[in-house]
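The values are calculated or read from the model by the stated rules, or taken from the named source; none is laboratory data. Keep in mind that this is a model prediction, so the values were computed, not measured. So basically every Cβ, Gly included, is an ideal-geometry build from the backbone, and we count neighbours across all protein chains shown.
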Amino acid sequence: MPTDDMWARAAGRRRDESPSGPTGRAERDLDNQRMRMVHQGDEQARQHPIGGERSPEEVAREFIRREGSFEEPEDTGGIRKGRVAVIGIVLAVITAAVVVLATRSGPTSGPTSARATAQMAANAKALAAGCSANPRARANEMTFRAPAHVIQPRTLYAATVVTTAGTFRIGMNSLGAPNALNDFLFLAEKGYFNCNTFFYVSSDGIDRTGDPTGSGVGQPGYSIPAERPAPAPDPTHQYPVGSVALANYGPLDAGGGQWFVVAGPAAESLPNKYSLFGRVIAGFRVIQKINAEGSVSGKPTVLERVLKVTIQRASV
């Protein structure tokens with residue numbers, strides 16, 4: 001798995017190659033990143049290509065490509081090697097129980113049985129990571145005052161998000177929505193997101209989490225105003241697939257804690273009132289898997305959970 005010093009070396013190689021020096025290059029990279037994340041909605045952007053002028057987001061993704069997949073990291077949200085065996089045993093017991101119940105109760109519908117099995121498997125992974133066996137139980141009781149500014153200048157930020165459905169990584173933008181990014185970094189490092197469910201999963205393409213209560217109204221004890229991105233030239237691509245933004249709640253479009261990933265084209269045309277602070281740069285299949293368990297109403301058929309969010313930093 002990439003380490004912070006490796007990230008720094010990867011970013012440093014690009015910086016040293018710049019004919020105009022590190023400052024000018026970093027500024028252009030950050031500016032290019034902002035433009036891509038706010039305005040670019042074409043198919044090429046959705047696939048996150050590598051090459052040409054590279055933003056910190058793209059440098060991070062190239063480094064991940066060079067190092068190989070991180071889909072099975074050593075640290076899976078608190079699951080240590082000893083606990084992996086526990087997961088296997090629990091899953092075996094779950095499978096046996098499902099078979100016995102199905103035999104005793106007669107025929108069951110395929111989709112219902114599959115959902116029940118998937119939910120029990122997700123619960124077993126969450127339990128092994130230190131979460132409650134009940135996905136509807138409150139994840140934590142944490143509350144905070146509005147955080148101090150923790151973002152450092154000329155720093156690349158990424159987040160590795162381990163979930164019961166797999167692992168994905170977010171490349172984050174400190175220009176477009178610095179308060180939103182600050183909120184995310186602060187809460188992630190406090191462990192606030194651990195064991196939170198993806199409580200709202202819309203088949204229209206939204207995977208939402210960050211509420212320990214799972215009710216959609218939970219917040220960390222404070223709120224921050226929305227930092228609206230500039231209107232996209234094409235409003236149908238305001239939030240390109242893979243975008244990560246803070247969710248709003250209340251009449252004033254305030255946010256804090258709750259965030260969502262755009263999982264499909266139908267959600268790209270959301271109005272520009274959500275603070276856009278990142279983009280999924282690897283592991284998008286996990287986002288798709290979670291979304292496939294959603295519904296038109298937004299009530300998920302399987303409650304997947306965030307197990308751990310780890311922040312990576314590197315100077316650029």
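List of remarks:
- The lone criterion from (1) crowded, with 21+ Cβ neighbours inside 10 Å; (2) assigned to a loop (DSSP other than H, G, I, E, B) left unmet by residue 272 is number (1).
- Among the candidates 244, 306, 296, residue that is surrounded by fewer than 18 Cβ atoms within 10 Å (Cβ to Cβ) and modelled with pLDDT of 95 or more: 296
- Residue match in segment 143-153 (condition: touching a helix residue (DSSP H, G or I) at 6+ places or on another chain (Cβ under 9 Å), among the small types (Gly, Ala, Ser) and closer than 17 Å to residue 255 by Cβ): yes
- The set of residues from segment 260-296 being among the hydroxyl-bearing types (Ser, Thr, Tyr) and either in contact with a Cys (Cβ under 8 Å, 6 or more places away or on another chain) or without any contact (Cβ under 8 Å) to a residue 24 or more places away in the chain (or both) is empty.
- Number of the exception - residue 156 against (1) at pLDDT 90 or above; (2) in the same structural domain as residue 216 (by TED's automatic domain parsing): (1)
- Criterion violated by residue 137 - all others in (1) surrounded by fewer than 21 Cβ atoms within 10 Å (Cβ to Cβ); (2) outside any loop (DSSP other than H, G, I, E, B) satisfied: (2)
- Boolean, residue 208 is among the basic types (Lys, Arg), in contact with a strand residue (DSSP E or B) (Cβ under 9 Å, 6 or more places away or on another chain) and either farther than 26 Å from residue 271 by Cβ or part of a helix (DSSP H, G or I) (or both): no
- Checking the stated criteria, residue 255 turns out to be farther than 21 Å from residue 281 by Cβ, buried (at least 19 other Cβ atoms within 10 Å of the Cβ), assigned by TED's automatic domain parsing to the domain that holds residue 147 and modelled with pLDDT under 95.
- One residue from 277, 260, 284 being buried (at least 24 other Cβ atoms within 10 Å of the Cβ) and within 28 Å of residue 128 (Cα to Cα): 260
- Residue among 268, 293 that alone is in contact with a helix residue (DSSP H, G or I) (Cβ under 6 Å, 6 or more places away or on another chain) and more than 17 Å from residue 176 (Cα to Cα): 268
- Residue in segment 255-267 that is in a loop (DSSP other than H, G, I, E, B) and touching a Lys or Arg at 6+ places or on another chain (Cβ under 9 Å) present: no
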